[in-house]
Amino acid sequence: DIPGNIKFLSVQSGSMEPTIMTGDIIIVQKKTVYTTGDVVTFDEGGRIVTHRIIRESGSDQEQTYETKGDANRSADEATITREDIVGAVSFTIPKLGYMVAFAKSLPGLIVLILIPAIMLVVNELVKTKKD
């Protein structure tokens, strides 16, 4: 989390394609009001899901939302409430999620951290030897 109730999340499935693709990073921010058409991220029993609101029901205090992934044939089985919603998707960064996942892996650690660190040390040793 960063200030302003903003979260960066990596998309793991294709349920929102072609709007949001697998491997994209989404920037999600809490709103005071959610309406039909908003793409929201919500907690579905401990699983984080990003789908579009397709229908609203109830009063302002007891508002419920029916959601559906753009690529899914049918709506989600359960409705959600405002308390379930983490936030609305405000921005998407294409494919950056693949790089983040790679950076968290052992090969990513080697390629992105260890190799550059070794190159820096070797470069400094060569400079020192020349002087």
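The values are calculated or read from the model by the stated rules, or taken from the named source; none is laboratory data. No experiment lies behind these values; they were computed from the predicted model shown. In this analysis, Cβ positions are derived from the backbone assuming ideal geometry, glycine residues included, and neighbour counts consider all displayed protein chains. Protein only, heavy atoms only, side chains kept; ligands, DNA and RNA dropped before computing areas. Shrake-Rupley method; radii C 1.70, N 1.55, O 1.52, S 1.80 Å.
In the condition set (1) surrounded by 11 or more Cβ atoms within 10 Å (Cβ to Cβ); (2) out of contact with any Gly (no Cβ under 7 Å at 6 or more places or on another chain); (3) under 20 Å from Lys7 (Cβ atoms), Asp76 is compliant with all but (3). When residues of the stretch 50-68 are filtered for being over 24 Å from Gln12 (Cα atoms) and surrounded by 14 or more Cβ atoms within 10 Å (Cβ to Cβ), how many remain? The total comes to 3.
Among the residues that make up the stretch 39-53, is at least one of them part of a loop (DSSP other than H, G, I, E, B) and out of contact with any Lys or Arg (no Cβ under 9 Å at 6 or more places or on another chain)? So far as the stretch 39-53 goes, yes, one or more of its residues are part of a loop (DSSP other than H, G, I, E, B) and out of contact with any Lys or Arg (no Cβ under 9 Å at 6 or more places or on another chain). Please enumerate the residues belonging to the stretch 1-31 that are in contact with a helix residue (DSSP H, G or I) (Cβ under 9 Å, 6 or more places away or on another chain) and loosely packed, with under 11 Cβ neighbours inside 10 Å. None - no residue of the stretch 1-31 is in contact with a helix residue (DSSP H, G or I) (Cβ under 9 Å, 6 or more places away or on another chain) and loosely packed, with under 11 Cβ neighbours inside 10 Å, so the list stays empty. Among residues of the stretch 77-91 that are under 15 Å from Glu66 (Cα atoms) and part of a loop (DSSP other than H, G, I, E, B), none has a beta-carbon under 8 Å from a residue that is of a type in the set (Lys, Arg) and modelled with pLDDT of 95 or more at least six positions away or on a different chain. For residues in the stretch 57-76 being not in a loop (DSSP other than H, G, I, E, B) and not basic (Lys, Arg), which is farthest from Val39 (Cα to Cα)? It comes out as Ser57. Screening the stretch 32-49 for residues that are under 13 Å from Ile85 (Cα atoms) and more than 16 Å from the chain's Cα centre (by Cα) and picking the one that is most open to solvent (accessible area, probe 1.4 Å) gives Thr32.
Which is out of contact with any Leu (no Cβ under 9 Å at 6 or more places or on another chain), open to solvent by 50 Å² or more (accessible area, probe 1.4 Å), aliphatic (A, V, I, L, M) and at pLDDT 95 or above, of Ala88, Ala71, Ala101? That would be Ala71, the only listed residue that is out of contact with any Leu (no Cβ under 9 Å at 6 or more places or on another chain), open to solvent by 50 Å² or more (accessible area, probe 1.4 Å), aliphatic (A, V, I, L, M) and at pLDDT 95 or above. A single entry from Thr32, Thr36 fulfils the requirement of being modelled with pLDDT of 95 or more, in a loop (DSSP other than H, G, I, E, B) and more than 19 Å from Ile93 (Cβ to Cβ): Thr36. Scanning the stretch 104-131 for residues that are in a loop (DSSP other than H, G, I, E, B) and exposed (fewer than 11 other Cβ atoms within 10 Å of the Cβ) turns up just one, Asp131.
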